[in-house]
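Novice: This structure is in structure tokens; I'll ask about it shortly.
The numbers here are math on the coordinates, done by the rules we state, and not lab data. Just so we're clear, the structure is a prediction, and the values are computed from it rather than from any experiment. Please note: Cβ atoms are built from the backbone with ideal geometry, for glycine as well, and neighbour counts cover all protein chains shown.
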């Protein structure tokens, strides 16, 4: 059975050769978003996001990355400033 979401990524450890690509699959959209946040925080390469086997349209791909980046920024601000997500949202406006 085909998983609903699939993310193709690389660790980008080799600069002079083609990176080894890995795949993360899930049926849960929240888990997919959390995984994207981890990729962004760690600077891993993001090659594709697929839904039910088909590449997401560019607008949907960009939206998912933007939401994940907002969540990652929110989490980093909360940890760095030792504040709650509610305060972070009020002060900085990222969606927690």
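Novice: Tell me whether segment 1-78 comes out rounded, prolate or oblate; compute the Cα gyration tensor, take square roots of the eigenvalues as a ≥ b ≥ c, and use a/c under 1.5 as the rounded threshold.
Specialist: Working: a/c = 1.70, a/b = 1.01, b/c = 1.69.
It comes out oblate by the Cα gyration axes.
Novice: Going 7 Å from the Cα of residue 31 in the Cα-to-Cβ direction, what parts of segment 51-95 have a backbone nitrogen less than 17 Å from that spot?
Specialist: Residues 51-53 fall inside that zone.
Novice: Turning to a different aspect of this structure: Taking R0 as 25 Å, what's the FRET efficiency between residue 10 and residue 79 from their Cβ-Cβ distance, rounded to 0.05?
Specialist: Values: r = 26 Å, r/R0 = 1.04.
It comes to 0.45.
Novice: What does the extension gain come out to for residue 91 and residue 21, with contour length at 0.36 nm per residue minus their alpha carbon separation?
Specialist: Working: separation 70, 0.36 × 70 = 25.20 nm, distance 3.82 nm.
Value of the extension gain: 21.4 nm.
Novice: Mean residue ellipticity at 222 nm from the helices of the chain, using -39,500 (n - 2.57) per DSSP H segment of n ≥ 4 over the full residue count, to the nearest 500 deg cm²/dmol? Please list the in-between numbers first.
Specialist: Details: 3 runs with 46 residues, N = 96.
Value at 222 nm, helices only: -16000 deg cm²/dmol.
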